[in-house]
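*Asks:* Can you read through this structure? Questions will come right after.
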Amino acid sequence: MAEHTLSRRIAELAAQTQVDRLPADVVASTRLRILDTLGLALRAQHLDSSRAVMDYVTDQGGRPEATAIGVQDRVPAALAALVNGTLAHSLDYDDTHLPSVLHPSAGVVPAALAAAEKVGASGADLVAAVAVGLETCVRIGMAGYDQESRNSTFFEHGQHATSICGALGGAVAAAMLHGLDADGIQSSLGVAASMASGIIEANRTGGTVKRLHCGWAAHSAVTAADLTRRGITGPPTALEGRFGFFQAFLHGTFDADQVTAGLGERWAVPDIFFKPYPANHFTHTTIDAAAELRQRGVRPTDVESIEVRVPGPVIRTIGEPIDIKRAPQTGYQAQFSAPYAVTVGLFGGGGLGAALEDYTDELATDPVRRELMAKVSVVSDPRCDAIFPYQFPAVLTARLSGGRTETVEVLANRGGDQRPLTDDEVGRKFADNASAVLPAAEVERLRTTVLTLDTVADVRALLHL
């Protein structure tokens, strides 16, 4: 039975994957995701939650194995993964897979970076490990996607699929970098299944713990692989067993074909959406629609009311409780608010259309923006429901002074398959983030190194940058 389990199938793919066996688009996409993740982690150092995790890790001490961004000295690999994963997810700017609605890179990339630095892996090995780790994360997440309800069962149960599936994908990547064979990779996945966690309530009512989720996933991943190479084993039926992962998290309802169909032949990695804006992905089309209103000449003072029509399942994240969404207390809460997204588009944002500077505590509580947010309602729309969750569409109807009405439809997300970001746009996003803490010459050097990563002999040269 162990030869045919789901974790075995993943492990066998991982054990035989090398960068020269990967499709070119998978390699190119993986490099860009490593670049994107590093930029996000560099930028997030200033957050109070980031400092809290950095301080915690600094206090732990331990063997200097890997680089934790923002921490002066090298730290144990699992703790480096904790810091870097936390930073990578903290800005809500990390990539998203649809329709599973999880963020694969923020957990997998930091785990792989920490393991790669610890062992002195090559850039080619890092790229291969990240690619398989991302694929594992996405496929396990999709196994929990309910085609009938068109929603993630993880989310229905209050679970953060990003953190939970990220721990498993990261463990596979870390095990590959440790040079474990298929048995060892399978055990690492099985051990990580007992360590995966995360609840998503902070999306609704606040709290910064969600920022920690990808850090915890990466920490669990590195720890699982390290324990496995020391002799700890996981159950061969860790995923589909009677008391396994899918029973524990999904009450036994899952789609095994999502894990195995086309495994190693059809790759999900290139189809993961890049985020152009530093906010919850459900709000992005609302930003675009409000920006279109601005381009049509609509000013915030012209607005009497705005109705934002979106898929029903996203309202609990970006539209409820509506009083809180209309009056976010912090920039972080504003990232999960459709009314605030309207202000970003209508007032105009930086970067690729919305930048981190548009999500400050001061702007979230600005009386002028509050006045506009108070006029915004968020309702479900059958047409948007039909498209969700393959896209997160929005339709805005603005009733303006003088009796005029303007309607804007944005039915596909920027950064996805229908409206992809160019490599230059991803590079600009990285430069915008990294330049907040690094000189321009170092930003360019880092970008060049990552984009030629599969030619780097030792990943430690990358992290030392």
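Residue-wise test of (1) small (Gly, Ala, Ser); (2) in contact with a Lys or Arg (Cβ under 8 Å, 6 or more places away or on another chain); (3) buried (at least 16 other Cβ atoms within 10 Å of the Cβ).
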position	(1), (2), (3)
Glu201	no, no, no
Leu227	no, no, yes
Asp257	no, no, no
Ala261	yes, no, no
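*Asks:* Condition first: in contact with a helix residue (DSSP H, G or I) (Cβ under 6 Å, 6 or more places away or on another chain), hydroxyl-bearing (Ser, Thr, Tyr), at pLDDT below 95 and crowded, with 24+ Cβ neighbours inside 10 Å. Can you find one or more residues in segment 76-92 that meet it?
*Replies:* yes
*Asks:* Could you tell me which residue of segment 264-320 is most open to solvent (accessible area, probe 1.4 Å), considering only residues that are over 19 Å from the mean Cα position of the chain (by Cα), among the hydroxyl-bearing types (Ser, Thr, Tyr) and farther than 22 Å from Asp432 by Cβ?
*Replies:* Thr301
*Asks:* Further question: Restricted to segment 146-163, and to residues that are within 19 Å of Phe273 (Cα to Cα) and open to solvent by less than 10 Å² (accessible area, probe 1.4 Å), which residue is nearest to the chain's Cα centre (by Cα)?
*Replies:* Here the answer is Thr162.
*Asks:* If you scan segment 105-144, which residues turn out to be touching a Cys at 6+ places or on another chain (Cβ under 6 Å) and either farther than 20 Å from Phe273 by Cα or open to solvent by 10 Å² or more (accessible area, probe 1.4 Å) (or both)?
*Replies:* Keep residues of segment 105-144 that are touching a Cys at 6+ places or on another chain (Cβ under 6 Å), which gives 106-108, 137, 140-141.
Selection gives nothing.
*Asks:* Something else about it: Output the residues belonging to segment 177-188 that are part of a loop (DSSP other than H, G, I, E, B) and surrounded by fewer than 18 Cβ atoms within 10 Å (Cβ to Cβ).
*Replies:* Gly179, Asp181
*Asks:* Val191 - would you say it is open to solvent by 10 Å² or more (accessible area, probe 1.4 Å), assigned to a helix (DSSP H, G or I) and farther than 28 Å from Leu47 by Cβ? Working first, answer last.
*Replies:* Working: open to solvent by 10 Å² or more (accessible area, probe 1.4 Å): yes; assigned to a helix (DSSP H, G or I): yes; farther than 28 Å from Leu47 by Cβ: yes.
Taking the combined requirement at face value, the residue satisfies it.
*Asks:* Within segment 52-71, work out how many residues are assigned to a helix (DSSP H, G or I) and among the β-branched types (Val, Ile, Thr).
*Replies:* 3
*Asks:* Could you list, in sequence order, all residues of segment 203-225 that are polar (S, T, N, Q), surrounded by fewer than 24 Cβ atoms within 10 Å (Cβ to Cβ) and assigned to a helix (DSSP H, G or I)?
*Replies:* Result: Asn203, Thr205.
*Asks:* Inspect all residues belonging to segment 16-29 and state whether any of them is closer than 23 Å to His219 by Cα, open to solvent by 20 Å² or more (accessible area, probe 1.4 Å) and either modelled with pLDDT under 95 or in a helix (DSSP H, G or I) (or both).
*Replies:* No, segment 16-29 has no match at all.
*Asks:* Kindly state which strands (runs of 3 or more DSSP E) lie completely within segment 355-465 and contain at least 2 residues that are under 22 Å from Ser305 (Cβ atoms) and open to solvent by 70 Å² or more (accessible area, probe 1.4 Å).
*Replies:* Correct list: 405-410.
The values are calculated or read from the model by the stated rules, or taken from the named source; none is laboratory data. Small disclaimer: the values here were computed from a predicted structure and weren't measured. Please note: Cβ atoms are built from the backbone with ideal geometry, for glycine as well, and neighbour counts cover all protein chains shown. Protein only, heavy atoms only, side chains kept; ligands, DNA and RNA dropped before computing areas. Shrake-Rupley method; radii C 1.70, N 1.55, O 1.52, S 1.80 Å.
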